[in-house]
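Engineer: Quick one: this structure, given as structure tokens, is what I'll be asking you about.
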Amino acid sequence: MIESLISDILFGFIGLISIINPFSGAFVFLDRSATLTDEERRLLAKRVAINAFFVLVAAFFVGTPILHFFGISMEALRIGGGLAVAVSGWQMLNAPEPEPAPVDHPVKPMSASSASGKAFFPLTIPLTTGPGSIATAIALNANRTHKLSAWLLSSFASIVISTLVMLVIYYVYSRAARLSQYLGVEGTRVAMRVSSFLLLCIGVQIILTGLTGFLTPIADLRAAK
């Protein structure tokens, strides 16, 4: 039982952290929080990580019933969410390079309160815990049994997985500026462009996955006729 629980936790954590890819997301986070101080960026990273935890917990426990209640299919979730991710990646990929501020008119850093407005959207959803990670969390618990002992173990695994993902997101995002300093100005610009392109590709791939899931039954039905 313990071995099965550890296996479930590792499987879910590796699957989710691979889709979320916080190392790539760190440059997106840094780009969106460029005007913040280090302390404000750390607080914003903490808020994003906590938001991501609750998003994953909600997806684990009530994701499937919510989709059924609103009549939303997994394919629709992937297509709509993938479109949001792709648009964000496209906008960042084509954004002009920021001009340095004049010495006598420096850019005033955003306050922590004003930065909190962007913590949930778009930094948490869809840039960190997007449709791919939400769909994965829902799929991991789609066949959750109603037997009490198995349900408790599955619930415990879901909480542990969400906690581990939250800690990794906070650790990486809060150190995004250090990673940027290590890479240098040009290296950071290249990394941000690459991250933006990967974000665009991820969005397109999510859309294609949703379209494939939607069109495959139709094709099979026509082939059967």
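Engineer: Please check: in the Gaussian network model of the chain (C-alpha springs, under 10 Å), which one of Pro126, Pro22, Pro65 has the largest mean-square fluctuation.
Structural biologist: Pro65
Engineer: Testing the spin-label approximation: label points 7 Å from Cα along Cα→Cβ at Ala95 and Val204. State their distance in nm.
Structural biologist: So the label points at Ala95 and Val204 sit 2.1 nm apart.
Engineer: What FRET efficiency would be calculated for the residue pair Tyr171, Ala139, taking the C-beta separation as r and a Förster radius of 22 Å, to the nearest 0.05?
Structural biologist: 0.25
Engineer: Consider just the alpha-carbon atoms of the stretch 135-225 and return their Rg together with their Dmax, both in angstrom.
Structural biologist: 20.5, 61
Engineer: In a GNM of the chain with a 10 Å cut-off on Cα contacts, which of Thr35, Thr163, Thr129 has the highest mean-square fluctuation?
Structural biologist: Thr35
Engineer: Can you sort Ser154, Ser149 from fewest to most other Cβ atoms within 10 Å of each residue's own Cβ?
Structural biologist: Ascending Cβ contact count within 10 Å gives the list Ser149, Ser154.
Engineer: Build a GNM of the chain with springs between Cα atoms under 10 Å: which of Ser155, Ser196, Ser174 gets the top mean-square fluctuation?
Structural biologist: Judging by the Gaussian network model, the answer is Ser155.
Engineer: Quick one: putting +1 on the C-beta of Lys and Arg, -1 on the C-beta of Asp and Glu, what dipole do you get for the stretch 163-225 around its Cα centre, in Debye to the nearest 20?
Structural biologist: 40
Engineer: What number, in nm² with one decimal, is the all-direction average of the projected area of the convex hull of the alpha-carbon atoms of the chain?
Structural biologist: Across all orientations, the chain yields a mean hull projection of 15.6 nm².
Where a number appears in this text, it was derived from the coordinates with a stated rule and is not lab data. Predicted model only: the values in this text are computed from it and were never measured. FYI the Cβ positions are ideal-geometry reconstructions off the backbone, even for glycines, and counts take in every protein chain you see.
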